[in-house]
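Colleague: The following block contains the structure, expressed as structure tokens.
The values are calculated or read from the model by the stated rules, or taken from the named source; none is laboratory data. Bear in mind that the values here come from a model prediction, so they are computed numbers and not experimental data. Reconstructed Cβ throughout: ideal geometry from the backbone, glycine too, with neighbour counts over all protein chains shown.
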Amino acid sequence: MKKMKVFLMGWVCLFLLAPILAQADYPDREITVYCGSSAGGTTDLGIRILSDMVSKEFGQPIVVVNKAGASHTVCANLVANAKPDGYTLGGLSATAFAEVPHLRKVPYDVKKDFTWIATYTEYTCGLVVKADAPWKNLEEFLDYGKKNPGKLIYGSDGYGTGGHIIMEYLAFKKGGVDWKHVPIPGGAKLATSLLGGHIKAWSAAGTHVQFVKDGAMRLLVSYNKTRMKAAPDVPTLEELGYKGFPRGRYLAIIAPRGLPDPIQKKLEVAYLKAMKEPAYLKFLDNIQFPATFAGGKETDKNIEENYKIWGEFIRATGIKEQEK
């Protein structure tokens, strides 16, 4: 009888220790990172570079799988519904958490369904037109939009994204501006649409930088807090008197709700370490994205803050909730 009790106690202890032992061995197999953008874009390239570095440190493969669509909400939903064991992560724009939920119902709870790992940069954003366009600055562009209702067509990477909201806010502040918004997913498609004359302007987030550097596009204004290196003479929205915009459009690494703290910490430390590597910093410099890095708690705080601010902008501009 005594031996049986000892035997049973041993099994109970093993059962209780199993999750802890599993966490200590993490990771012991392949990790999947869903990316909210299409292959080849800046969001995709950044998370691939970092995940390759973390893979080498962990000694396990990390596979990046592109799941673009619906302003990164497709990716967010996949992560929200995954098992919280550290083997399914996401690399995506905070648009899916801070902006889109104000304009349509999303299949997840922003505040409850995620574990935040880190912020790995923020988009360099701004309004661009073709290099031979008649507008030299934002004020000329807004004046034209006011004097020529319905003639300006601009594109952004999705309904309810920061690029869309900012343009509608500018029209609201100027007063009397009537233009058309065309949501086009993916920077490559947006660039083609602008250069091909299908849209007159692009409220851009990242991919436009190289076109500005090459002289194919003209930047009219920067949405970031600092000026773009490729166009140092072009002012920011804040310098032009447009105050109160969110600090940045962050790119975040996430996991499902319920991820054990030791695994969250291991991932956070590994990814933050990779962000400081020369290869990644060089990548950011080449695409002229800021080295905006943050751990899980700060990422959570920043996204919550941006959620509130974007909500205020959406209500001010009167952007309607997107039809389901």
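Colleague: Out of THR115, THR42, THR119, report the one residue that is touching a Gly at 6+ places or on another chain (Cβ under 9 Å), in contact (Cβ under 8 Å) with a residue 40 or more places away in the chain and over 18 Å from GLY296 (Cβ atoms). Even if it seems obvious, please write down each step before you answer.
Modeller: Working: THR115 fails: over 18 Å from GLY296 (Cβ atoms); THR119 fails: over 18 Å from GLY296 (Cβ atoms).
It is THR42.
Colleague: What is the one condition in (1) surrounded by fewer than 22 Cβ atoms within 10 Å (Cβ to Cβ); (2) closer than 27 Å to ASP285 by Cβ; (3) modelled with pLDDT of 95 or more that LYS229 does not satisfy?
Modeller: In the conditions (1) surrounded by fewer than 22 Cβ atoms within 10 Å (Cβ to Cβ); (2) closer than 27 Å to ASP285 by Cβ; (3) modelled with pLDDT of 95 or more, LYS229 misses (3) alone.
Colleague: Could you check the stretch 53-85 and list, in sequence order, the residues that are outside any helix (DSSP H, G or I), among the small types (Gly, Ala, Ser) and under 18 Å from GLY36 (Cα atoms)? So that I can check it myself, show each step before the final result.
Modeller: Of the residues in the stretch 53-85, the ones outside any helix (DSSP H, G or I) are 59-72, 81-85.
With among the small types (Gly, Ala, Ser) added as a condition, the list becomes 59, 68-71, 82.
Across the stretch 53-85, the qualifying residues are ALA68, GLY69, ALA70, SER71, ALA82.
Okay, residues lined up against (1) of a type in the set (S, T, N, Q); (2) in contact with a helix residue (DSSP H, G or I) (Cβ under 9 Å, 6 or more places away or on another chain); (3) free of Cβ contacts under 8 Å to residues at least 24 places away in the same chain:
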| position | (1), (2), (3) |
| --- | --- |
| THR226 | yes, no, no |
| ALA230 | no, yes, no |
| ASP233 | no, no, yes |
| GLU238 | no, no, yes |
| TYR242 | no, yes, no |
| PRO246 | no, yes, no |
| ARG249 | no, yes, no |
| ILE254 | no, yes, no |
